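Worksheet for the structure shown next.
Coordinate-derived values only; no laboratory data. The structure displayed is predicted, hence computed values, not measured ones. All Cβ positions, even for glycine, are placed from backbone atoms using ideal geometry, and neighbour counts span all protein chains on display.
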Amino acid sequence: MIIKVNNLVKRYGDLVALDHLSLEVKEGEVFGLLGPNGSGKTTAINCILSLLKYDKGEIEIFGRPMAPDAYDIKRDIGIIMQNVAVFDELTVYENIDYFCGLYVPDKGERKKLVESAIDFVGLNDFRKFYPKKLSGGLLRRLNIACGIAHRPKLIILDEPTVAVDPQSRNKILEGIERLNREGATVVYTSHYMEEVEQICTRIMILDKGRMIADGTKEELKAMITLGEKITVETFSFSKENLADLKKLPNIVSAEYRDHLLVVKSGKGQNNLETVLDFLKKNGVTFGKIYSELPTLNDVFLEITGKQLRD
Amino acid sequence: MFLHIFKARLKCLIRDRQMMFWTLLFPLILATFFNMALGNLNNTEAFHPIDIAVADNAQYRENQQFRSVLKEVSEGDDRIFNLTETDPQNAEKLLADGKIKAYVTVNSKVGMTVRESGLSQNIVRAFLNSYSQTSSAVTSIVRENPASLRNGLIKEVSDRKEYTKEVSGSSAEPNNVLNYFYSLIAMSCLYGGFWGLKEVADVQADLSTRAARVNVAPVHKLKVFLYNMCAAILLHFSEMLVLLAYLYFGLKIDFGLKTALVLLTTFAGSILGVSLGAFVSALVKKGEGVKVAVLLAVTMTGSFLAGMMVQEIKYAVAQNAPILSYLNPVNLLTDAFYSLYYYDVMTRYGWNMAMIGAYALLFCTGTYFIIRRQKYASL
Amino acid sequence: MPVFRLCMKIIRKNLSSMMIYIAVFLILATLLSLNGTKTQETGFSQVKTNIAFFSEENSPLIDGFRSELSKTANFVEVPDETEKLQDALYFRSVTYIIRIPKGFTQSFMSGKNVQIEKTVVPNSTSNAYVDLTVNQYFNTAALYVKTVPGITQENLVQHLKTDLENSTSVAMAADTKANANQDFSVYYFNYLSYALSSVLVLGISAIMLVFNDKNLSRRNFCSPLSAGKINAQFILANLVFTFVCWAVMVGFCFLFDYRNMMIGNTAYLILNSFVFTLSMSSISFLIGNLMKERSAISAVCNVVTLGPCFISGVFVPQELLSPTVLKIASFTPTYWYVKTNNQIASLSSFSLSALSPIYCNMIIEAGFAVAFFAVSMVVGKKKRMSN
């Protein structure tokens, strides 16, 4: 077990930031910690890293209890903070070298590691740049390079893609997958469901400091009743039609608004066919039609009754 | 590990242009201004022969005795007056134009005309007084002992002696411009507090994200802090050496003969400054602006009381509230330089240095106890 | 007037740093006014220097000397310890320390050549002054001792007292002095230049920084307001700010020195300060145009305001500055401002001939205003083109 958190409680005054949180991260996983802003993701990470005091609970990393002076544990952790944490006065190369040097004292070995980290994030053309001269996306990449240059076994990324352009984001996500393939265990927090869906092998959903769901994305989606969402663009759909549609088997709900008909059906086969048959039978002409499988947002919505992104 | 952190830190500090301005360039600029403004101060205090005129009339010409005395003190290197003999109208004009301080008129009595009452005018008057006073003495002596006229009274009159003998109070001159520069060095030393401020901010995870990243690395936080402080103190001491060199070689400011101790004092001042900043940063749990404000308030109040703006303040504080002058870190440093320059005994210097050491120790241990915890209540 | 309102908002945001300068200025002005204005002296006054007097013996001769010395010197109590005496001398609490050695009187009365010990600030003027008094006393006394055999100390002192009462009459040349004490207001107006220029540089450069921001100025010029209108509002805002600063600073003078407010000299001081304010505001305008970073404001502000004040006689009076420094200073408006203030203070008549040099200086100050404004226009235009 790479990380084991048991019954973690963290209070800020009256506010309970983490409410008896337990989690386990296994070797080789890409573990996603998903939740809206303020759900306790960063707090959990900071507790795991022993930066924050907590009120209750146990934290083990690599099977050993974590503490501020557990340097043999810290040596194998790489952390990428939510906010860019680099020195404005040092260049790209110097920043990576500095942070790497806190882990790897040997100069020769470090040089190789720094070079490969620069390669890894694609900052080769910018090694002599100062952080102030980098664009948002490049700065994020530097932030990541600073965290992973020493080849940690466990990499913790706290929302590394906030305010990043799509190109840089893809590059970052690809990189994380590559690191994972090369053997690192990854903990990844985000409030972007798509990212988590894309790269995480296991996902935990947090809300108000509590774990509300945990599993692979298939497991999570299986937890909810929604099977399929069918959207139809049509200009002639009457109230009677809607009432009739709702009576069909395996239809959970149907809504018609702004020329869009949204039909949610339960799990099972042939849902799209049922709807198409109904439209043809009632002579409803339609433009586009498409069907979607449930997303993590739907999972979140169903469990908490609110949107993940607000 | 030490070298790695130390070198990177030094780069970090040197490239902070704003800080470098305040800790290095600003003191140099201020020193230049001080020198321009105060350079002439000793010169204006020094005695220069006073420009006077005498209204040349018949009575003046007749009074041979007065004339020769006046001429005698207006000649040679140690003369009191630069004398112009001219007609009354011109004398009046010279006075109105500010070319002379006073002009002397000889009628039935000797008199003088001035535009304002100052030290120079009073010296002219004291001299003229001495002439009439001596005449009066001669009159009364002759009345009392007429024989004296034959026994060389007149010779005695002209045989004036020097009744004072200068005893040096110290091996150094009381050149009171120096204190301004000493307090400037002291202020600059305490400006090192800006470095200390930065050091604490970059190692406390609740103050900056960079620090959080350092905190999760497998190196003891206080070790990093200690190495960083070494870099800050070394840099600041170097800056102070530049300032010192500029003052000594560039502006010819006198520091006395105890060079090694002057350097030691500067080094102690650098440590004092940087540790003060670290202490303020650790102690004040507010934003960076507030910390800077506190640091500046301490430094500027201290500098004011140490006489950087008006040097008499330093003396007034020492006279009326001696405790305050021993508690004010800026004054301690200023006074240490002053003692080195001016005193022949080292007691007061020793006390100053002891207090500086005590302060540095207090700031360092205080900082240690505040920042030694490694987990934070909130970030 | 959206642009105008924005400017005012920027000023308000930067008010706290400006208040520091105003507060320090007001504290100083208060201290100065508490110090009290000296009573006006019309005749010639005796200047006294501060000395420390130690005598290791007592005799009528020494007593007489002491009382004679008190005409030209104030005796300051200083503890007879080396360091305390050194301190007193260094900080000019006293400029002359007299020590009369034991056995001085006896030796003197027997006609021997004796001297008293003095520790002084070397080569100082006050040193020469005290020396004159000391030597006069003992030379006159020696005259008696040598020529009147067997004279007693009491008798001698009696003679000396009468002789030394003789003094020269001093006439004060007419038409020289101002008719009221202007010490406070001159100092107030001179120091005002420091506080005022700091506040102006801070405020105006803060506005300029916002308006010279590339994106912001482009957005401004995309708005339906014409460029002329934007500039007009912008300049108006700067002028209003300048005027308010000046009015506030000068206004405080009414509080401190209301007695002197109604005389003509003060009116000219106010006029002079207004012209100076204009020149400082155009310098601030230039600085604002040259400034690139917000963080540089306080650095530039300090150097630009402290420098001229040091070399132009705000902190150290002009008569104490060396001619070279004054020559350099004459390239700043501050120099002309301070010089004019000092001239105004000594005005006793307001005839055209008396006023002409003052008007002349004010024209020079106004010239600075025009020159700096012109330069800043050129710089500003260049900057916009290069963007």
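Quick one: go through segment C:317-335 and flag any residue whose amide nitrogen is under 19 Å from the point 7 Å out along the Cα-to-Cβ line of C:V370.
C:331-334
Per residue, how much space in cubic angstrom lies within the convex hull of the C-alpha atoms of chain C?
Working: hull volume 70.5 nm³, N = 387.
Taking the convex hull of the Cα positions in chain C, it is 182 Å³ per residue.
What fraction of the DSSP beta bridges in chain B is antiparallel, stated in percent and rounded to the nearest 5?
On the way: 5 of 14 bridges.
DSSP beta bridges in chain B are roughly 35 percent antiparallel.
Quick one: helix A:271-281 against the long Cα principal axis of chain A, what's the angle to the nearest 10°, folded into 0 to 90?
30
Give the distance, in whole Å, between the Cα centre of segment B:277-311 and the Cα centre of segment A:1-34.
43
With springs connecting C-alpha atoms under 10 Å apart, model chain B as a Gaussian network and identify which of B:F267, B:F26, B:F369 has the largest mean-square fluctuation.
Taking springs between Cα atoms under 10 Å, the residue moving most is B:F369.
Kindly state, to the nearest 0.05, the FRET efficiency for B:T32 paired with A:E240, given R0 = 56 Å and r defined as their beta-carbon distance.
So, using R0 = 56 Å, E works out to roughly 0.05.
Convert each backbone phi in segment A:59-66 into a coupling constant with the Karplus relation 6.51 cos²θ - 1.76 cosθ + 1.60 (shift: θ = phi - 60°), then list the ³J(HN,Hα) values in order as whole Hz, x for Gly and Pro.
10, 10, 10, 6, x, 10, x, 8
Within straight cross-link reach of A:K4, meaning Cα distance under 19 Å, which lysines are found once same-chain residues fewer than 8 apart are removed?
Result set, ordered by chain and number: A:K26, A:K41, A:K53, A:K56, A:K74, A:K153.
Remind me, what semi-axes does segment C:49-165 give for its equivalent ellipsoid, largest first in whole Å, using sqrt of 5 times each Cα gyration tensor eigenvalue? Write out the running numbers ahead of the final one.
Numbers: eigenvalues 141, 42, 28 Å².
The three semi-axes for segment C:49-165 are 27, 15, 12 Å.
Give the aspartates and glutamates whose C-alpha is closer than 15 Å to that of A:K107, dropping any in the same chain fewer than 8 places away, or say none.
The reachable aspartates and glutamates, counting only those whose Cα sits under 15 Å from A:K107, are A:E94, A:D97, A:E115.
Among DSSP beta bridges lying fully in chain A, give the percent that are antiparallel, nearest 5. Mind showing how you got there, number by number?
Working: 37 of 55 bridges.
Counting only bridges with both partners in chain A, antiparallel ones make up about 65 percent.
Could you order the peptides C:348-354, C:92-98 from most to least packed, using the average number of other C-beta atoms within 10 Å per residue?
Working: C:348-354: 10.9, C:92-98: 22.0.
Those peptides, ordered most packed to least, come out C:92-98, C:348-354.
If I model a spin label as a point 7 Å beyond the Cα along the Cα-Cβ vector, how far apart are those points for C:N231 and B:Q65 in nm?
8.3
Helix by helix, which DSSP H runs in chain B go 30 Å or more along their axis at the Cα atoms and have an average Kyte-Doolittle hydropathy of 0.0 or more? Spell out each step's value before the answer.
On the way: long enough: B:119-144 (36 Å, 0.06); B:221-245 (36 Å, 1.47); B:259-283 (36 Å, 1.88); B:347-371 (36 Å, 0.89).
Answer set is B:119-144, B:221-245, B:259-283, B:347-371.
Hey, which of these cross-link pairs are over 21 Å Cα-Cα: A:K128/B:K221; A:K128/B:K198; B:K165/C:K112; A:K246/A:K280?
Numbers: A:K128/B:K221 28 Å; A:K128/B:K198 24 Å; B:K165/C:K112 15 Å; A:K246/A:K280 16 Å.
With Cα atoms farther than 21 Å apart: A:K128/B:K221; A:K128/B:K198.
Under the 0.36 nm per residue contour assumption, what length would be gained going from the current alpha-carbon distance of B:A354 and B:I370 to full extension? Each step should come with its number before you reach the end.
Details: separation 16, 0.36 × 16 = 5.76 nm, distance 2.42 nm.
Going from the current span to full extension adds 3.3 nm.
How far is the Cα center of segment A:76-96 from the Cα center of segment C:5-23, in Å?
37
For peptide B:2-12, how many partner chain Cβ atoms fall within 10 Å of a residue's Cβ, on average? Working shown, then result.
Working: counts 0, 3, 9, 3, 0, 3, 10, 4, 0, 6, 7.
The per-residue average across the peptide is 4.
Mind ranking B:132-143, B:110-121 by how tightly packed they are, going by the mean number of other C-beta atoms within 10 angstrom, highest first?
On the way: B:132-143: 17.8, B:110-121: 19.7.
Ranked from most to least packed, the peptides come out as B:110-121, B:132-143.
Hey, for a label at C:S330 modelled as a point 7 Å past Cα toward Cβ, could you say which residues of segment C:353-374 have their backbone N under 14 Å away?
Answer for this model: C:361, C:364-365.
To the nearest 10 degrees, how steep is helix A:107-121 against the longest Cα principal axis of chain A, on a 0 to 90 scale?
20
Averaged over its residues, how many other protein chain Cβ atoms are within 10 Å of peptide B:15-21's Cβ atoms? The partial results should precede the final answer.
Numbers: counts 7, 3, 5, 5, 1, 0, 7.
Average neighbour count from other chains, rounded to a whole number: 4.
I need the fraction of alpha carbon pairs in the protein assembly as shown separated by more than 48 Å, rounded to a whole percent. Spell out each step's value before the answer.
Working: 292975 of 578350 pairs.
For the protein assembly as shown, the share of Cα pairs beyond 48 Å comes to 51 percent.
To the nearest 10 degrees, how steep is helix C:297-311 against the longest Cα principal axis of chain C, on a 0 to 90 scale?
40
Looking only at Cα atoms, what is the convex hull volume of segment B:45-158 per residue, in Å³? Walk me through the numbers on the way to the answer.
Values: hull volume 13.3 nm³, N = 114.
For segment B:45-158, the hull spanned by Cα atoms encloses 116 Å³ per residue.
Which residues' amide hydrogens lie under 5 Å from the amide hydrogen of A:D207, considering only partners 5 or more residues apart or on another chain, with H built in the peptide plane?
Residues meeting the amide H criterion: A:I212.
Can I get the semi-axes of segment A:3-221's equivalent ellipsoid? Compute them from the C-alpha gyration tensor as square roots of 5 times the eigenvalues, in angstrom, largest first.
Values: eigenvalues 161, 76, 53 Å².
Here the semi-axes work out to 28, 19, 16 Å.
What value, in deg cm²/dmol to 500, does the helix sum -39500 (n - 2.57) over DSSP H runs of n ≥ 4 give at 222 nm once divided by the residues of the protein assembly as shown?
Value at 222 nm, helices only: -18000 deg cm²/dmol.
Roughly how many nanometres apart are two label points built 7 Å out from the Cα toward the Cβ at B:K165 and C:S348?
4.9
Could you work out which residue, out of B:Y246, B:Y326, B:Y163, moves most in a Gaussian network model of chain B, that is, has the largest mean-square fluctuation with Cα springs under 10 Å?
Sorting by GNM fluctuation, first place goes to B:Y163.
Describe numerically, in nm with one decimal, the distance between label points set 7 Å from Cα along Cα→Cβ at A:D119 and at C:A173.
Label at A:D119, label at C:A173, 9.0 nm between them.
Cut-off 11 Å, label point 7 angstrom out along Cα-to-Cβ of C:K382: give me the residues of segment C:276-290 whose amide nitrogen falls inside.
Once the point is set 7 Å along Cα→Cβ of C:K382, C:290 turn out to lie under 11 Å by backbone N, inside segment C:276-290.
Please figure out what share of the DSSP beta bridges in the protein assembly as shown is antiparallel and state it in percent, rounded to the nearest 5.
Bridges in the protein assembly as shown that DSSP calls antiparallel: roughly 50 percent.
Enter the mean number of other protein chain beta carbons within 10 Å of the beta carbon of each residue in B:138-148, as an integer.
Working: counts 4, 1, 6, 9, 1, 0, 6, 5, 0, 3, 6.
Averaged over the peptide's residues, the number is 4.
How high is the FRET efficiency between B:R17 and A:E219 when r is their beta carbon distance and R₀ equals 60 Å, given to the nearest 0.05? Mind dumping the intermediate values first?
On the way: r = 55 Å, r/R0 = 0.91.
Given R0 = 60 Å and the Cβ-Cβ separation, E is 0.65.
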